[in-house]
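Please see the structure below; I have some questions.
The values are calculated or read from the model by the stated rules, or taken from the named source; none is laboratory data. Just so you know, these numbers come straight off a predicted model, no measurement behind them. Cβ: placed from backbone, ideal geometry, glycine included. Neighbour counts: every protein chain shown. We work out accessible area using only protein heavy atoms, side chains counted, and drop any ligands, DNA or RNA first. Shrake-Rupley method; radii C 1.70, N 1.55, O 1.52, S 1.80 Å.
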Amino acid sequence: QVRLAESGGGVVQAGGSLRLSCVASGDTICIAYMGWYRQAPGKERELVATITVSGTTNYAPSAKGRFTISRDSAKNTMFLQMNNLRPEDTGVYHCNSVRLSSAWCTDLDMDTWGKGTLVTVSS
């Protein structure tokens, strides 16, 4: 199984920055792409950004231009650099991975989720 561990959350004032990290372990060879999701209190979890193993990135409209998703393949680590943070960015940020359809990976769960790291942006 793939295991994910997030870190880097904290409290920051509006306009500030945070850098989140997600370390993947276990069957990391089976990861097709990874992403960051967030969930604000009382709201559904929403996509923030994704990145494939080849480096292709996608962003939610609210994140585009302010957030940057990246990875360090050698260290099996994904990052989310968040700049110009807004109060509406507040939430629990979860790391996610999706597995390949390769035969040697199909015994794994399709999705793996980290436990999350809390980001609080004060106004």
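Quick check on Thr68: is it surrounded by fewer than 18 Cβ atoms within 10 Å (Cβ to Cβ) and assigned to a strand (DSSP E or B)?
It is true that Thr68 is surrounded by fewer than 18 Cβ atoms within 10 Å (Cβ to Cβ) and assigned to a strand (DSSP E or B).
Let me ask you something else. Can you tell me which residues in segment 84-122 are exposed (fewer than 15 other Cβ atoms within 10 Å of the Cβ) and of a type in the set (A, V, I, L, M, F, W, C)?
Passing the criteria: Ala103, Trp104, Met110, Leu118.
Do we have Gly26 as free of Cβ contacts under 8 Å to residues at least 12 places away in the same chain and either touching a Gly at 6+ places or on another chain (Cβ under 8 Å) or not β-branched (Val, Ile, Thr) (or both) here?
no
Additional query: Go over the candidates Ala40, Ala74, Ala60 one by one and state the one that is out of contact with any Leu (no Cβ under 8 Å at 6 or more places or on another chain), among the aliphatic types (A, V, I, L, M) and free of Cβ contacts under 8 Å to residues at least 40 places away in the same chain.
Of the residues listed, the single one that is out of contact with any Leu (no Cβ under 8 Å at 6 or more places or on another chain), among the aliphatic types (A, V, I, L, M) and free of Cβ contacts under 8 Å to residues at least 40 places away in the same chain is Ala74.
Still on this structure, I have one more. Would you please name the residue that is farthest from Gly9 (Cα to Cα), looking only at residues in segment 71-80 that are open to solvent by 50 Å² or more (accessible area, probe 1.4 Å) and touching a strand residue (DSSP E or B) at 6+ places or on another chain (Cβ under 6 Å)?
Asn76
Of the residues Arg45, Arg19, Arg38, which single one is open to solvent by 70 Å² or more (accessible area, probe 1.4 Å), under 15 Å from Gly114 (Cα atoms) and either out of contact with any strand residue (DSSP E or B) (no Cβ under 7 Å at 6 or more places or on another chain) or of a type outside the set (S, T, N, Q) (or both)?
Arg45
Would it be correct to say that Thr28 is touching a Phe, Trp or Tyr at 6+ places or on another chain (Cβ under 7 Å), open to solvent by less than 50 Å² (accessible area, probe 1.4 Å), at pLDDT below 95 and among the β-branched types (Val, Ile, Thr)?
no
Now, a different point. Which condition number in (1) under 21 Å from Ser123 (Cβ atoms); (2) part of a loop (DSSP other than H, G, I, E, B) is the one that Arg38 fails?
The number of the failed condition is (2).
Name the single residue, out of those in segment 48-59 being assigned to a strand (DSSP E or B) and closer than 22 Å to Thr106 by Cβ, that is most open to solvent (accessible area, probe 1.4 Å).
Of everything passing the filter in segment 48-59, Thr52 is most open to solvent (accessible area, probe 1.4 Å).
May I pose another question? Does Val23 count as modelled with pLDDT of 95 or more and farther than 24 Å from Gln1 by Cα?
So Val23 does not fit the description; no.
Being of a type in the set (A, V, I, L, M) and touching a residue at least 24 places away in the same chain (Cβ under 8 Å): is that true of Met82 here?
Answer is yes for this residue.
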